[in-house]
Every structure is written in C-alpha cells, then in structure tokens.
C-alpha cells in the first residue's frame with residue numbers, strides 16, 4: 001500500500017507537477033523535506049533521484065533540464081542546504097534553464113530565534129530567479145486554495161521564462177504523518193502565456209540599407225530551423241555569421257573560430273572589419289576578443305533577439321527584439337533583399353589565411369593541451385553530447401572543428417568551474433546519446449561530488465586534462481606578474497584522479513604521451529560495463545607557451 005504525506009500543501013504540489021508534466025525530481029536528504037521525499041517517491045509518474053550534496057544536486061538538475069528541455073524540480077531541507085543551491089540557481093538564471101526549486105522550511109515564527117537549520121529562506125534567491133513564492137502553512141486559513149494558486153503561478157512562470165523559480169515551503173511538525181488515499185483536486189485551467197511577434201518595417205529598412213551586416217551567435221542549443229535560415233543569409237555572401245563552438249549552429253560559410261581571426265586586431269582593423277548592423281543571438285559569448293572588437297567598433301545599429309534577455313554587451317544596443325530567432329528570421333526573410341556583400345569577402349580572405357596557418361601549426365605541435373583538443377576534434381565519435389568545462393577548456397575548444405552531429409555544451413551563464421561535472425552527469429542521466437565531459441583538473445577536483453551519483457549511464461565518458469593547476473592563469477595577461485601565482489592563483493598540485501575513479505566505480509586510464517593517447521582514444525568511446533575516466537597528464541609541458549606560440553605563428 002502506498003503511503004503519501006498527510007501535508008495538504010505537498011499533495012497539491014505533487015498533483016500540479018504532474019498536471020504540468022514536470023516528472024523529474026532531484027531530492028537531497030533531510031528531515032524538514034521528508035514529506036516531499038516521501039510523497040514524491042510514492043507518486044506514480046514522478047521520477048526521483050537522490051543526490052546528497054545540494055550544490056552538486058542543483059547542477060545535476062540543471063543538466064537534466066538542459067537535456068530534456070523542460071523544467072526539473074530540485075528539493076532540499078532547510079537552512080544552509082538551501083543556500084547551497086545558489087551557484088546552480090545563478091547559472092540557470094543566466095542560461096534560461098527551467099529549474100523549480102522547492103526548499104522546505106521551518107515555520108515562519110522560527111526564523112531568527114536561533115532554531116536549528118533555520119535561516120531567512122523567503123526570497124533567498126530573489127536576485128537570480130524569475131519568481132519567488134512562499135506557501136502558507138497547512139494550518140493557515142484557506143491554505144489549500146491559496147497554495148493551489150501560488151504553486152500554479154510559480155510553475156507557469158517557470159515555463160514562461162524558461163528559468164529558475166523558487167517555492168519556499170514552511171512545514172510544521174509532525175513531518176512523518178502519512179495517508180493511503182489522496183483527495184480529489186479541483187480542475188485546472190492552464191494559463192501559460194505565449195508571446196507574439198510582429199516585424200517592424202523600421203527593422204526591414206535598417207537591414208536593406210546596411211552594407212556590412214554581422215550576425216554573432218553566442219551560447220545556445222541546436223536548432224535545425226535557425227541553421228537553415230542563417231544558411232539562406234550566407235548563401236550568396238550577404239552577411240557575415242560569427243559563431244562559437246557552443247553555438248551549435250554549423251555551415252561552411254559561417255566563421256567558426258573568432259579568436260583565430262581577430263586576436264591581433266589594431267585600431268585600423270577595428271574600422272576595417274566593423275559592421276554597421278550587428279545582430280546577436282543566444283546567450284553569453286566566450287570570446288573576450290570579440291567583445292573588445294565590437295565595443296571599439298561601436299556599430300550604428302545593434303539588435304539582440306531573445307525572448308527574455310536583451311543585454312547591452314557591446315554598449316551599442318538599439319533594438320530589443322523579444323521573440324525567438326526562428327520566429328524573427330522567418331518574417332525577416334520574407335521582407336528583405338539579399339545582395340552579395342564585399343564585407344563577406346573581406347572576412348573570407350582573412351579566414352583563408354589564418355586557417356592555413358592553423359593547419360601548419362597543428363602539424364608541428366607536440367603533446368600538450370593544445371594537441372589533445374586537436375586530437376579530440378578528429379577522434380570524437382558522431383552523435384554524442386560534448387560537455388566542456390570552463391576556463392582554458394572552452395577556450396581550446398573554440399580553436400577546433402568538431403563533427404557536425406555533436407551537441408556542445410558549457411556552463412557559460414556565469415562561466416564558473418564549480419558545477420561542470422555535475423551538470424554533465426545530470427545531462428547524461430536523461431539522454432540516450434553518449435555524454436562526454438572534457439574538463440580541466442581544477443574544475444574536476446572542485447566538483448568531485450558530481451560523481452556521487454547512482455544514475456550515471458555506463459556509456460558516460462570523462463576526459464581530464466591535468467596540467468597541474470589552473471593553467472588559464474598562465475595564459476591570460478596579469479597573474480604571471482605576481483608572487484602569488486603558483487600557490488594562490490594557479491594553485492599548483494600533484495593530484496590525480498585514479499583513486500577517485502576507483503571510489504566512484506569508474507574505469508580509469510592515465511596517459512602522458514601522444515602515442516599512448518592515440519591508442520587509447522581508438523577504444524575509449526566504445527561500449528563498456530562501466531563509465532570511464534581518461535586522465536591526460538600534461539603537467540610537464542609548458543602548455544601556456546604552446547598556446548601563445550600558436551597565436552604568434554598565426555601572425556607570421
């Protein structure tokens with residue numbers, strides 16, 4: 001016989017989650033949220049996952065939501081447990097990834113009287129959420145009807161904004177009373193709002209009078225429709241489309257390696273290559289160089305296309321276009337003229353020159369972080385999900401081409417290293433395609449609890465490039481001039497992942513030369529009984545010098 005929580009607020013919550021199709025719940029252990037754990041785990045259709053560390057659990061939920069492209073709920077006990085969700089909350093906020101955060105809480109009267117595990121949880125995430133809601137305690141007057149309306153509103157905001165929404169749930173004791181039957185709930189009328197879009201004639205006029213049109217694509221999921229639309233725009237060289245590895249849009253006429261082309265632009269180049277109309281799509285852009293370029297170039301017009309966010313990243317925003325890129329270009333393509341542009345040819349000449357230099361440098365480069373990414377671009381199998389950690393990992397990835405059928409993901413919302421592993425493992429849990437995480441050593445060791453997870457599929461693969469510290473600080477200008485570099489910034493170490501892999505049930509292989517790496521990669525992605533970790537030790541290599549020499553070689 002099933003045993004449900006007797007808490008009316010929890011019964012309503014579970015009912016509405018099912019009504020809106022939110023079936024996946026990440027649960028971290030605790031007593032105050034025990035009514036949620038008890039009830040959800042007994043409720044048909046809900047899939048419950050136990051992740052102990054709340055910081056990791058938040059990112060696991062984020063990865064799951066990115067994988068299934070719909071909201072995932074995460075729930076924890078009261079106090080610091082709720083605060084540990086904050087890093088994942090901020091990442092979901094800036095990525096527009098729908099998370100429903102359900103924090104159990106002590107009764108309102110217990111806040112600030114020094115009761116155990118009690119903090120100010122109401123509006124805890126207010127700065128980085130799309131909605132903050134507080135339920136009434138079951139004993140409050142009209143709590144059932146009020147909570148039904150509050151939960152309904154919270155869920156609909158999560159869908160509308162495609163981002164994190166918080167529901168704080170004060171729960172009185174007793175917490176473990178159960179019932180075997182549930183009440184009937186009132187009928188539900190869904191009121192999720194859909195945005196409409198009409199193309200302004202002014203935008204059509206601006207397009208048709210612009211001679212140098214650039215489209216820059218930041219972080220976003222793959223869209224076949226958008227890829228086809230942009231392909232029409234470049235077919236006869238009408239526009240320049242710049243994209244990054246995690247833009248997940250591919251075409252031979254798109255410019256895929258931004259830093260390779262613009263890293264040494266001077267003031268004259270800024271003028272020569274500047275657009276007069278800039279159109280941006282997607283979220284955070286990895287390349288710092290393109291930000292510098294466009295801020296100095298100061299295009300006359302800048303349109304940003306997004307349903308929620310319209311950041312003035314380049315300090316020249318003129319149009320906030322509140323719709324999806326697919327809806328926008330579907331209407332724009334019907335109203336514009338597409339003429340060949342000398343602007344495209346200008347960029348194309350630069351690309352051809354730099355691409356040849358790139359190929360030449362790869363032929364002469366030995367075992368290093370740079371060489372690892374070159375080999376991965378050649379050896380990764382088709383139809384996988386590639387997750388890349390932040391700092392140097394995503395920057396190396398921008399320099400190479402990966403198979404067209406690979407989906408590339410990176411936590412570029414806040415660009416932190418803290419949840420890369422947990423996010424990838426959450427994604428893997430809900431996806432039939434193989435998930436491969438490529439991560440630096442510091443990012444991997446920082447998020448060790450991302451492996452404390454009983455649901456990781458055996459076809460999951462992790463590749464760690466271990467250069468003995470945060471080598472990004474040897475690459476970027478500034479840190480190397482200080483005495484604090486090695487101990488406090490780079491944080492040099494001599495750790496490896498062998499015992500961690502054994503502890504968490506992964507197969508483990510370590511390589512420290514190119515010949516062995518090539519041999520291992522041929523079989524590493526094939527099916528096996530266990531998930532696998534490959535650690536590539538480049539700690540004896542001057543990786544920063546290899547990368548710096550690369551850019552010097554491009555100039556020659």
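Determine the shape class of the chain: with a ≥ b ≥ c the square roots of the Cα gyration tensor eigenvalues, call it rounded for a/c under 1.5, and otherwise prolate if a/b is greater than b/c, oblate otherwise. All intermediate terms of the calculation are to be shown ahead of the outcome.
Details: a/c = 2.12, a/b = 1.37, b/c = 1.55.
Judged from the Cα gyration tensor, the chain comes out oblate (a/c at least 1.5, b/c at or above a/b).
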Per-residue counts of other Cβ atoms within 10 Å, averaged by peptide: what ranking do you get for 359-372, 409-422, highest first? 409-422, 359-372
Given all pairs of distinct Cα atoms, the range 201-326 yields a Kirkwood Rh in Å of 14.7 Å
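By how many nm would the segment from residue 337 to residue 68 lengthen if fully extended, with 0.36 nm per residue of separation less the alpha-carbon distance?
Numbers: separation 269, 0.36 × 269 = 96.84 nm, distance 3.77 nm.
Working it through step by step, the gained length comes to 93.1 nm.
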Just the number, please: percent antiparallel of the DSSP beta bridges in the chain, rounded to the nearest 5. 5 percent
Give the shape of the range 9-78 as rounded, prolate or oblate, defined through the alpha-carbon gyration tensor: a ≥ b ≥ c are the square roots of its eigenvalues, a/c under 1.5 means rounded, and otherwise the shape is prolate if a/b is larger than b/c and oblate if not. oblate
According to the Cα gyration tensor, what semi-axes, each the square root of 5 times an eigenvalue, does the equivalent ellipsoid of the range 258-372 have, listed from largest to smallest in whole Å? 30, 18, 16
Highest first, please rank the peptides 183-193, 528-538 by the mean number of other Cβ atoms sitting within 10 Å of their residues. 528-538, 183-193
Go ahead and estimate [θ] at 222 nm for the chain from helices alone: -39,500 (n - 2.57) per DSSP H run with n ≥ 4, summed, over the residue count, rounded to 500. -11000 deg cm²/dmol
Tell me, Kirkwood radius of the range 365-555 from alpha-carbon pair distances, in Å? 16.9 Å
Please report, to two decimal places, log10 I(q)/I(0) for the range 4-175 at q = 0.08, 0.10, 0.11, 0.20 Å⁻¹ as given by the Debye formula with identical point scatterers on the Cα atoms and no solvent. -0.19, -0.31, -0.37, -1.42
Binned at 5 Å from 0, what are the whole-percent values of the Cα-Cα distance distribution for the range 70-131, short to long? 4, 18, 29, 23, 13, 8, 4, 1
Just how far, in whole angstrom, is the range 338-373 from the range 206-277 if you go by their alpha carbon centroids? 15 Å
Anisotropy class of the range 96-190 from Cα gyration tensor, a/c 1.5 cut: oblate
Stokes-Einstein, Kirkwood over Cα pairs, the range 366-408, 37 °C, 0.692 mPa s; D in µm²/s equals 307 µm²/s
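Which FRET efficiency, nearest 0.05, do residue 320 and residue 291 yield, Cβ-Cβ r, R0 30 Å?
Once the sixth-power term is evaluated, E becomes 0.95.
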In nm, the gap between the two label points placed 7 Å beyond Cα toward Cβ at residue 145 and residue 114 is 4.2 nm
Listed highest first by mean packing, meaning other Cβ atoms within 10 Å per residue, what order do 506-515, 211-220, 241-250, 1-10 come in? 241-250, 211-220, 1-10, 506-515
Kirkwood Rh and Cα-based Rg: tell me the resulting Rg over Rh for the range 35-76, rounded to two decimals. 0.96
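Every number here is computed from the coordinates shown, using simple stated rules; none is lab data. These numbers come from a predicted model, not from an experiment. No Cβ is skipped: glycine too gets one built from the backbone with ideal geometry, and neighbour counts run over all protein chains shown.
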